[in-house]
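Structure first, then comments.
The values are calculated or read from the model by the stated rules, or taken from the named source; none is laboratory data. Here the structure is a predicted model, which is why all the values come from computation and not from measurement. Counting neighbours? That spans all protein chains shown, and the Cβs are built from the backbone with ideal geometry, glycine included.
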Amino acid sequence: MNKNQDKPEVRNITIIGSGPAGLTAAIYAARANLSPLLIEGDESGGQLMTTTEVENYPGFAKGIMGPELMLTMREQALRFGTEIISKHVTQVDFSKQPLQVKVDNQLYLSQSVIISTGASAKYLGLSAEKKFLGRGVSACATCDGAFFKNANVAVVGGGDTAMEEAHFLTRFAKKVWLIHRRDQFKASKIMADRVLGNPKIEVIWNSAVLDIVGNQVVESLRLTNVQTKVEQDLPVEGVFIAIGHKPNTDLFKGQLEMNEVGYLITKAKSTATSIPGVFAAGDVQDPIYRQAITAAGTGCMAALDAEKWLERQEPNGPK
Ligand code: NDP
């Protein structure tokens, strides 16, 4: 422990982000006696705070509400001594050890950092999207598709995610409308062909969603054909927005290696980033699986990787 009062103490592990990845990393790091600091952001819990029931997280045979799952994980992290700060990180400097993490004017020094800032689903920007989130609007068919048995639903988008979501939804829905703003898909041919060959899916080309209409829950979409400007109402019980995700990595630009759309790059079979001592877990480094359970899994990996890294720095063991 650094006794110098002028300088902040150098911590073992600082975790940025409080979705399943960050909280799992905190549980593991705290149980390993590493006294982690978790900077959770203004709102704790990540994307699961905006979902309703989670039916596919192992251990909950009857399902669990997303917010309840996250609050339980948070409690578990606190139980083993995680220190939690409910603010946003405003700046980082990973150019030297100890690593620097700033929250406004407050500086935190740490030997290792686990980044679990997640990714945000992109939305169309309609005010009705917020109103009906969890009441017919979703950005995750794997999470919410099963709530739409025998329903008419729509998917918006023309990329691989939209193809995958539309195809997946045909397991439950009576009919899936796929709404795309152009007259050809951006998706790979194989995935597009699968959708075009599925009798339960009908594509509405050259169309944009003007509004989502309903009382308590989604009842219909107001669409416009972008070429003819003709408008129509499409009765649906659910609409899945599948127009891409944005990893929350603006803070780390220029410091950590990322792919062309901003996902952090980690070394194979590891959570190590391009800077020693900095690890990444969850959706921030995963454009493919994006599940709570895979995020939690990589959060566990990051804590174990950080623990081993700390041991290598201090042969007598971490503080
Ligand atoms: P993409 O960026 O590839 O596609 C986004 C789609 O949404 C595009 O068709 C785009 O239209 C449309 N779109 C974007 N903004 C709007 C808007 N405001 N209004 C209406 N439509 C909009 O994102 P994905 O999430 O589909 O894919 C991301 C990456 O993940 C890709 O590399 C993809 O290949 C990969 N992926 C792979 C999978 C697999 O292999 N199993 C599964 C899922 C994703 P437009 O075409 O006009 O630009």
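Taken over the stretch 143-165, the criterion of being more than 16 Å from Gly244 (Cβ to Cβ) and within 11 Å of the ligand (Cβ to nearest atom) is satisfied by no residue. If the condition is being out of contact with any Gly (no Cβ under 9 Å at 6 or more places or on another chain) and not hydrophobic (A, V, I, L, M, F, W, C), then the stretch 99-128 contributes Gln100, Lys102, Asp104, Asn105, Gln106, Tyr108, Ser120, Tyr123, Gly125, Ser127.
Evaluation of Val89 against the conditions (1) assigned by TED's automatic domain parsing to the domain that holds Arg290; (2) more than 30 Å from Arg312 (Cβ to Cβ); (3) surrounded by 17 or more Cβ atoms within 10 Å (Cβ to Cβ) shows that the sole unmet condition is (2).
Listed here are the helices (runs of 4 or more DSSP H) enclosed by the stretch 119-196 that have at least 1 residues being within 22 Å of the chain's Cα centre (by Cα) and crowded, with 23+ Cβ neighbours inside 10 Å: 141-144, 160-169.
Keeping to the stretch 166-184, report how many residues are within 12 Å of the ligand (Cβ to nearest atom) and more than 17 Å from Asn225 (Cβ to Cβ). Talk me through it step by step, then tell me what you get.
So the first thing to find is which residues in the stretch 166-184 are within 12 Å of the ligand (Cβ to nearest atom), and the list is 166-168, 178-184.
So of that shortlist, the ones also more than 17 Å from Asn225 (Cβ to Cβ) come out as 166-168.
Counting residues in the stretch 166-184 that are within 12 Å of the ligand (Cβ to nearest atom) and more than 17 Å from Asn225 (Cβ to Cβ) gives 3.
Against the numbered list (1) touching a strand residue (DSSP E or B) at 6+ places or on another chain (Cβ under 7 Å); (2) of a type in the set (D, E, K, R); (3) farther than 25 Å from Ala295 by Cα, Arg194 comes up short only at (1).
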